[in-house]
Amino acid sequence: MIQEFFKLEITTNGLRLYEFTNEIINWIKLNKFKNGLLNISIQHTSASLIVQENADPDVQVDLINYFDKLVPMNSDLYIHTAEGKDDMPAHIKSAITNNQISLSIKENKLLLGTWQGIYLFEHRINQQNRIIVLHYLGN
Amino acid sequence: MIQEFFKLEITTNGLRLYEFTNEIINWIKLNKFKNGLLNISIQHTSASLIVQENADPDVQVDLINYFDKLVPMNSDLYIHTAEGKDDMPAHIKSAITNNQISLSIKENKLLLGTWQGIYLFEHRINQQNRIIVLHYLGN
Amino acid sequence: MIQEFFKLEITTNGLRLYEFTNEIINWIKLNKFKNGLLNISIQHTSASLIVQENADPDVQVDLINYFDKLVPMNSDLYIHTAEGKDDMPAHIKSAITNNQISLSIKENKLLLGTWQGIYLFEHRINQQNRIIVLHYLGN
């Protein structure tokens, strides 16, 4: 059994989806991983990880707008407001989506659908340095 | 360490939960998997995977109705509308739920609670052929 | 490859987040797990597992209040009402959040961010005995 770890750092600038599918694919190629599981976890609770459509960029705009309406940046709604109007909504959006994904690798290939991409979903307004842990377990 | 993969295909016909717990249990039995992890991932972004109550079918009706109200099929709300009024809501429902689950197997038995079933949650109206990847890693 | 399983039991008393990060860390220490994956799954569909901020307890209060408004305990909204006004909302909250998380362990250390804690999110009003399965797979 082989295990490898990698800390992927992504600097974000505002509420947006940041794709990192290629970074994942390159890491798999570099290490010649054959069959195994790739566990991806974000080390924060105000940003999340999602697998979404990578074809029409409007899907991402609609997603961001939808989550913004679902969890309004209105400080009257929350007790935890000291870190800014976007902080508590960010924690809630993180709870609604995911902070961890496990993906399967078969014969050196990441098993994703044709239209699937892997994204960091940033919920904070200001610039952030985000750490995502990649962990491979396989042979 | 043993690894096995299987492509499970499910044809769906509209917004509904499609149970595939038995397909999973049969695959475990067939392969005599003893102790390990089963990673289940759906290769689409307009349908999702959820573990839900398998006792009262009304729970599923309520779930579908709730998500329908939470993410309305109203094209005025979205930019991405070219693929039909149900497409963008389907992507959002997929982001709110899950596209991947990892389940544990101990002594040939899938560790699920008494009332838990595994479901494909279809968010598109028209017939779809859905691919779910099963990946076992264990001994 | 080493595998270990543990059934963690948590008695809950109402809608709240119950932290069990220390129970996880202690189990890792006790077993001297080095590098591997820890799969955590809750065996119920009316409570969930989330990774959330462990610094300001107000975050948890806001989370509970938000989910309560998002999924109202109003029996007029649901068909499945026989198990109490909180039961169907509990299933929906479970579908919106997660019932399973996989965490990575590297050099005997659980890879969590500085402000991340692991919580059982209880969605039922009355006292419940919850079972969470811990499953380690690594070396």
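Inter-copy label distances at B:Ile125, using a point 7 Å along Cα-to-Cβ, come to 3.8, 3.8 nm with the shortest given first. Reported to the nearest whole Å, the Cα centre-to-centre distance from region C:24-49 to region A:87-139 is 20.
When only the Cβ of Lys, Arg, Asp and Glu is charged (+1, +1, -1, -1), the dipole of chain B relative to its Cα centre reaches about 560 debye. With a ≥ b ≥ c taken as the square roots of the eigenvalues of the C-alpha gyration tensor of region A:49-112, please select rounded if a/c is under 1.5 and otherwise prolate if a/b is larger than b/c or oblate if it is not? It is oblate, given that a/c is not under 1.5 and a/b is not larger than b/c. For the chain pair C and B, the buried solvent-accessible surface (1.4 Å probe, both sides summed) amounts to about 2500 Å².
Per residue of the protein assembly as shown, the DSSP helices (runs of n ≥ 4 H) give a summed -39500 (n - 2.57) that works out to -7500 deg cm²/dmol at 222 nm. Taking a sphere under 14 Å around the Cβ of A:Trp115 and counting the other residues whose Cβ falls inside, with K and R at +1 and D and E at -1, yields a net charge of -4. Inter-copy label distances for C:Thr114: 4.6, 4.6 nm (label point placed 7 Å from Cα along Cα→Cβ; shortest first). Across all C-alpha atoms in chain A, the radius of gyration and Dmax reach 16.2, 52 Å.
Think of a 1.4 Å ball rolled over the protein heavy atoms: chain C then has 40 Å² of accessible area per residue.
Cβ-Cβ distance of B:Lys106 and A:Tyr18, R₀ of 35 Å, FRET efficiency by 1/(1 + (r/R0)^6): the value works out to about 0.40.
Here region B:84-127 is described by how far its Cα atoms reach on the three principal axes: 46, 19, 16 Å, from widest to narrowest.
What residues of region C:55-69 lose no less than 10 Å² of accessible area with every protein chain in place versus their chain by itself (probe 1.4 Å, heavy atoms only)? When all protein chains are present, C:Asp56, C:Asp58, C:Val59, C:Val61, C:Asp62, C:Leu63, C:Tyr66, C:Phe67, C:Lys69 each give up 10 Å² or more of accessible surface.
Within the shell defined by Cβ-Cβ distances under 15 Å, the residues around A:Ile131 carry a net charge of +2, with Lys and Arg each +1 and Asp and Glu each -1. Taking every residue in B:106-113 and counting other chain Cβ atoms within 10 Å of its Cβ, the average works out to 3. Just the projected area, averaged over all directions, of the convex hull on the alpha carbon atoms of region B:12-58: how many nm²? The directionally averaged projection comes out at 4.7 nm².
Listed by chain and number, the aspartates and glutamates whose C-alpha is less than 16 Å from the C-alpha of B:Lys34, apart from same-chain residues fewer than 8 away, are B:Glu4, B:Glu107, C:Glu4. As a fraction of the 1.4 Å probe accessible area of region B:4-115, surface on carbon and sulfur atoms comes out at 48 percent. In the assembly of identical copies, C:Gly14 has its label point, taken 7 Å from Cα in the direction of the beta carbon, separated from the corresponding points by 4.3, 4.3 nm (ascending, one decimal).
Among B:Ala55, B:Ala82, B:Ala90, the residue with the largest mean-square fluctuation in a Gaussian network model of chain B, with springs joining Cα atoms closer than 10 Å, is B:Ala82.
Among the residues of A:26-34, the average count of other protein chain beta-carbon atoms within 10 Å of the residue beta-carbon is 0. Taking θ as phi - 60° and the Karplus parameters 6.51, -1.76 and 1.60, the scalar couplings of region A:6-13 work out to 8, 9, 9, 10, 10, 8, 10, 9 Hz in sequence order, x denoting glycine and proline. For the protein assembly as shown, the ratio of Cα radius of gyration to the globular rule of thumb 2.2 N^0.38 Å stands at 0.91. Projecting the Cα atoms of B:Leu38, B:Thr81, B:Gln127 onto the charge dipole of region B:1-132 (Cβ charges, centred on the Cα centre) puts B:Leu38 farthest toward the positive pole.
Near the amide H of C:Thr81, within less than 5 Å, lie no amide hydrogens of residues on another chain or at least 5 residues away, with H placed in the peptide plane. The mean number of Cβ atoms from other chains found within 10 Å of a Cβ in peptide B:87-96 is 6, as a whole number.
The values are calculated or read from the model by the stated rules, or taken from the named source; none is laboratory data. Note that the coordinates shown come from a computational prediction; the quantities given were computed from them, not determined experimentally. Positions of Cβ are backbone-derived with ideal geometry, glycine not excepted, and every protein chain shown enters the neighbour counts. We work out accessible area using only protein heavy atoms, side chains counted, and drop any ligands, DNA or RNA first. Shrake-Rupley method; radii C 1.70, N 1.55, O 1.52, S 1.80 Å.
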